[in-house]
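Here is the structure we will look at.
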Amino acid sequence: MPEFNPLRYPLALSEMRYFSGESAWSGHLPLALTIIPMTRPRTFVELGTHYGDSYCAFCQAVAELKLNTRCHAVDTWKGDAHTGAYVDTIYQRLKSFHDPAYGSFSMLLRMTFDEAAGKCPDNSIDLLHIDGLHTYAAVKHDYETWKPKLSERGVALFHDTAATHADFGVWKLWAELKDQHPSFDFPHENGLGILAVGKDAPAELLSFIEMAKREEKLVRDYFSGIGARWTLLALMMRMANTLNAAHMTVDRWRTQSGHPPAAPPQGMLGLVQAIRVDVQQLLQQR
């Protein structure tokens, strides 16, 4: 088998065409851009898409490589016990980007996983990403329901294999499955497990798994390192949103107290400074 060489997978270092800044998958985006060229799936299915960052990363790799892959995202976009209820703008924002960018080979299927399974032929999926409700019972049901849909080349990905808080149980199912097939997992960003289920799983992926087991720290450090860029960007975007909301609140206080709105701040540090000065002034006037 060919040895894994990161230089053969330059897509891992690509800019993301779609990035919500909200996803818990941000740190794994380079893995999505690597797994697609490793497996070159004929059909890819994602169970649980939410903001769409992971799904659009897989689609981006398919588009960049000009593969004939058919992609399907399955989600009700209503939320669950772990994510909470979704506002409809999450789906609409994703759809407005996805349809013109990837609609020629990809579909967003707004339905339950079981409903979608009933429409999917057995032995038809080469790459399956399971990222729905993360209780042990739920993820086990999803895997057992969709396993017959995997082809002889089939590979399954599990998100949140390292999340052990509350009633999360993907880690427990992963512990049961990881020794049944060639596998490797990444503990960063709540964990992502790769399970080569099919008896004819892609040679490139099997080679990667073999090397990753020999050089575990090196491989994990590489992907967590290049993924940290996106984790940090997501954090900065959330901070900027929080600061903007705080600035708007301070501006409302200024208006209510008869002061003119402050000049628009420049950059995040400027925003922090503007909020600090305004709050100090308002407190002095109380």
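Points worth noting:
- Whole-number accessible area per residue in Å² for region 90-147, which is evaluated in the context of all protein chains at 1.4 Å: 46 Å²
- Paramagnetic reach from GLU152 (point 7 Å along Cα→Cβ, amide N under 16 Å) across region 177-221: 197-203
- Spacing of the two label points (7 Å from each Cα toward its C-beta) at ASP167 and LYS119, in nm: 2.9 nm
- Amide proton proximity set for LEU109, modelled H, under 5 Å, gap of 5+: ALA73, VAL74, ASP75
- Amide H to amide H distances under 5 Å link ILE125 with LEU150, SER151, where only residues 5 or more positions off or on other chains count and H is placed in the peptide plane.
- Just the protein heavy atoms count here, and of the accessible area of region 112-200 at 1.4 Å, carbon and sulfur take up 51 percent.
- Evaluated at q = 0.15, 0.21 Å⁻¹, a Debye calculation over the C-alpha positions of region 11-129 (equal weights, vacuum) places log10 I(q)/I(0) at -0.63, -1.27.
- In a fully extended conformation the segment linking LEU206 and LEU65 would gain 48.7 nm over its present Cα-Cα distance, using 0.36 nm per residue.
- Cα-projected label distance for LYS78 with TYR136, points at 7 Å along beta-carbon direction, nm: 2.7 nm
- Per residue, in Å², the accessible surface of region 177-239 once ligands and nucleic acids are set aside, probe 1.4 Å: 49 Å²
- Of LYS140/LYS217; LYS140/LYS213; LYS119/LYS172; LYS178/LYS213, pairs whose Cα-Cα distance is over 19 Å: LYS140/LYS217; LYS140/LYS213; LYS119/LYS172
- A simple spin-label model places the labels of ASP99 and LYS217 5.1 nm from each other, with each point 7 Å out along Cα-to-Cβ.
The values are calculated or read from the model by the stated rules, or taken from the named source; none is laboratory data. Because the structure is a prediction, the values reported are computed rather than measured. Glycine also receives a Cβ, built like all others from the backbone with ideal geometry; neighbour counts cover every protein chain displayed. These area figures cover heavy atoms from the full protein model, side chains too; ligands, DNA and RNA do not enter into them. Shrake-Rupley method; radii C 1.70, N 1.55, O 1.52, S 1.80 Å.
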